[in-house]
Amino acid sequence: MAAPMNNMRMSLEDLIIRLYDVQAVKFGTFKLKSGIESPVYIDLRVIVSYPEILVRVSEYLWDASQNCSNNFKSLCGVPYTALPLATCIATKHHMPMLIRRKEAKDYGTKRMIEGHYEPGERCLVVEDVVTSGSSVLETAQALKTADIDVRDAVVLLDREQGGAQMLKSEGIHLHSVCTLSKMLDVLQTSERLSGPDIERVREFIAENKFNAMSGIKRNGSGDTHCSHKKAKKVHNYADRASLCTNPVSKQLLQIMETKKSNLAVSADLTSCGEVLELVNRVGPHVCLVKTHVDILEDFTPEFTKRLTELAQKHNFLIFEDRKFADIGSTVLNQYSGGMYRISDWANITNAHSVPGEGVIQGLKQVGLSKNRACVLIAEMSSTGNLAKGDYSSATVKMAEEHSDFVIGFICQSRLTSDPSLLHMTPGVQLTEGQDSLGQNYITPTEVITNRGSDIIIVGRGITKATDPAEAARQYQEAGYRAYLAQFE
Ligand code: 5BU
């Protein structure tokens with residue numbers, strides 16, 4: 001380990017050189033998670049092995065925080081690298097700290113934010129490096145979900161790839177100790193780096209900027225999900241509605257256009273009263289209400305009558321997530337009869353494609369004359385599911401062959417460029433994570449902007465919120481903003 005330095009005298013230039021010497025900043029050729037090759041790699045995790053650097057970095061972060069025009073009452077480090085940095089600041093400056101859980105293991109029972117705080121309290125987000133700004137934003141959103149206000153973030157190093165602008169568009173002011181350009185200057189002056197090395201990094205930064213709002217890299221290279229926007233023309237909801245021949249998809253797209261909402265709420269509560277109350281509260285924010293009627297403990301036909309009235313009152317469609325998966329003649333009876341009589345009230349239902357097209361034919365015999373529609377499950381959100389590759393492609397083909405009744409998919413990304421087919425994605429929350437039973441969550445921006453899906457399906461992100469109507473409003477806003485970002 002390198003000899004400790006005199007902390008009292010460590011200038012920013014000395015700190016940069018120390019970071020280089022301990023290999024927290026490396027130059028060469030590095031393959032990033034996205035597949036892009038980068039000439040610079042910054043990983044500050046290593047500084048926990050160098051307490052004097054840790055302390056000095058946190059002091060610089062504290063100094064930068066003094067430029068915040070908004071007073072903050074607490075600090076929260078972006079997990080994991082910034083946790084020790086936030087801890088150093090908290091102990092030195094007697095500033096209360098909060099911890100954001102990255103994994104919500106026992107979702108719904110465990111708090112996402114640890115520590116004491118008052119509703120509305122203002123918190124400063126602390127981060128080591130900012131590239132696109134998405135990590136800071138995720139932590140800020142987790143804090144906001146817990147009713148904590150975030151206006152500022154401090155970061156040691158801004159890579160100058162659009163993160164500050166993106167955060168600004170989300171109402172967060174980024175205060176950085178140092179930029180990558182400044183770091184390059186110092187390393188050149190101190191003869192750690194040669195001119196050509198510096199040039200390679202500068203070119204890389206210039207070519208790999210992120211758009212504010214959309215999170216899409218301008219050169220779009222590497223990441224398959226990022227290429228969606230460039231690969232096809234993006235139609236707006238109104239244009240797509242006019243291209244639909246199926247009345248259900250046409251109506252749904254018209255509702256999405258009118259209400260400025262691509263949010264479907266999954267009303268997974270177990271009593272009819274609870275579901276109806278929830279739906280009445282979130283109704284103004286959604287284009288679709290998804291139900292699982294077979295989890296209701298007190299189901300009566302009165303429930304579907306009241307739900308239909310709410311659909312008219314708030315202008316949304318109803319989607320019963322029945323996941324039919326049997327031979328045609330059985331699903332025909334399951335759809336039309338039994339105690340639920342799904343085809344009488346659900347505008348949309350869904351089916352697995354595993355039985356083959358008989359499942360569609362059976363449902364179609366009942367649903368078509370009632371102006372109903374079906375979506376096929378092409379991909380799932382759960383860990384280890386088998387709906388992928390050839391299975392998903394065959395499902396798309398099946399949908400295209402039955403486009404009079406099949407209006408789209410449940411999926412995790414856009415599967416076809418046909419603008420009349422709707423893509424609906426479950427497993428959505430404002431922050432990424434998992435539950436304890438294999439459900440995986442991605443964010444509205446990831447679903448809509450990056451993966452090109454059309455509708456976000458949100459269950460517990462809304463049903464478990466302290467204020468479901470406010471949560472629905474936030475998801476509506478996030479989903480719609482992600483839709484608009486495709487046109488930038
Ligand atoms: P959550 O609370 O947001 O995790 O609820 C997601 C809902 O979407 C829930 O009703 C599931 O049954 C449904 N779902 C899903 O989560 N993943 C899938 O792949 C399919 C449906 Br298909």
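For Glu401, are the conditions met, namely being assigned by TED's automatic domain parsing to the domain that holds Leu363, modelled with pLDDT under 95 and within 15 Å of the chain's Cα centre (by Cα)? Considered against the rule, which asks whether it is assigned by TED's automatic domain parsing to the domain that holds Leu363, modelled with pLDDT under 95 and within 15 Å of the chain's Cα centre (by Cα), Glu401 comes out as no.
Of everything listed in (1) within 22 Å of the chain's Cα centre (by Cα); (2) in contact (Cβ under 8 Å) with a residue 24 or more places away in the chain, the single unmet condition for Glu257 is (2).
Could you look through segment 417-434, keep only residues that are modelled with pLDDT under 95 and touching a strand residue (DSSP E or B) at 6+ places or on another chain (Cβ under 8 Å), and pick out the one that is nearest to Met256 (Cα to Cα)? Only one residue fits best here, namely Ser420. In segment 266-321, the residue that is nearest to Lys464 (Cα to Cα) out of those that are β-branched (Val, Ile, Thr) and surrounded by fewer than 19 Cβ atoms within 10 Å (Cβ to Cβ) is Thr270. Residue under question is Lys290, and the condition is that it be closer than 24 Å to Asp454 by Cα and within 16 Å of the ligand (Cβ to nearest atom); does it hold? Yes.
The requirement of being surrounded by fewer than 20 Cβ atoms within 10 Å (Cβ to Cβ) and within 12 Å of the ligand (Cβ to nearest atom) is fulfilled nowhere in segment 400-409; no residue meets it.
Condition check ((1) within 16 Å of the ligand (Cβ to nearest atom); (2) in contact with a strand residue (DSSP E or B) (Cβ under 7 Å, 6 or more places away or on another chain)) across all residues:
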residue: Leu253; (1), (2): no, no
residue: Leu263; (1), (2): yes, yes
residue: Ala267; (1), (2): yes, yes
residue: Ala311; (1), (2): no, yes
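Please verify whether segment 105-127 includes one or more residues that are free of Cβ contacts under 8 Å to residues at least 24 places away in the same chain and in contact with a strand residue (DSSP E or B) (Cβ under 7 Å, 6 or more places away or on another chain). For segment 105-127, residues free of Cβ contacts under 8 Å to residues at least 24 places away in the same chain and in contact with a strand residue (DSSP E or B) (Cβ under 7 Å, 6 or more places away or on another chain): present.
Any residue at all in segment 377-396 that's more than 16 Å from the ligand (Cβ to nearest atom) and in contact with a strand residue (DSSP E or B) (Cβ under 9 Å, 6 or more places away or on another chain)? Within segment 377-396 (the criterion being more than 16 Å from the ligand (Cβ to nearest atom) and in contact with a strand residue (DSSP E or B) (Cβ under 9 Å, 6 or more places away or on another chain)), the answer is no, since none of the residues qualifies. Taking the listed residues Leu437, Leu484, Leu430, the one that is crowded, with 18+ Cβ neighbours inside 10 Å and of a type outside the set (D, E, K, R) is Leu430, with no other qualifying.
Take the residues of segment 337-391 that are out of contact with any Ser or Thr (no Cβ under 9 Å at 6 or more places or on another chain) and hydroxyl-bearing (Ser, Thr, Tyr): which is surrounded by the most Cβ atoms within 10 Å (Cβ to Cβ)? Here the residue is Ser382.
Taking each residue of segment 290-303 that is within 13 Å of Asp268 (Cα to Cα) and looking for partners that are away from the ligand (no atom under 16 Å from the Cβ) and assigned to a helix (DSSP H, G or I) with beta-carbon atoms closer than 6 Å, six or more apart or interchain, yields Leu296/Cys272.
Taking segment 462-480 as the range and being surrounded by fewer than 20 Cβ atoms within 10 Å (Cβ to Cβ), in a helix (DSSP H, G or I) and either in contact with a His (Cβ under 7 Å, 6 or more places away or on another chain) or basic (Lys, Arg) (or both) as the test, only Arg473 passes. The number of residues in segment 449-461 being within 14 Å of the ligand (Cβ to nearest atom) and assigned to a helix (DSSP H, G or I) comes to 2.
The residues of segment 412-448 that are within 13 Å of the ligand (Cβ to nearest atom) and of a type in the set (A, V, I, L, M), listed by number, are Met424, Val428, Leu430, Leu437, Ile442, Val447. Would you confirm, using the coordinates I've provided, whether Ser392 is modelled with pLDDT of 95 or more and of a type outside the set (Asp, Glu)? Considered against the rule, which asks whether it is modelled with pLDDT of 95 or more and of a type outside the set (Asp, Glu), Ser392 comes out as no. Does segment 161-194 hold any residues that are among the polar types (S, T, N, Q) and at pLDDT below 90, and which are they? Gln161, Gln165, Ser169, Ser194 - these are the residues of segment 161-194 that are among the polar types (S, T, N, Q) and at pLDDT below 90.
The values are calculated or read from the model by the stated rules, or taken from the named source; none is laboratory data. Model, not experiment: these values are computed from the prediction. Note that we place each Cβ from the backbone using ideal geometry, even for glycine, and neighbour counts take in every protein chain shown.
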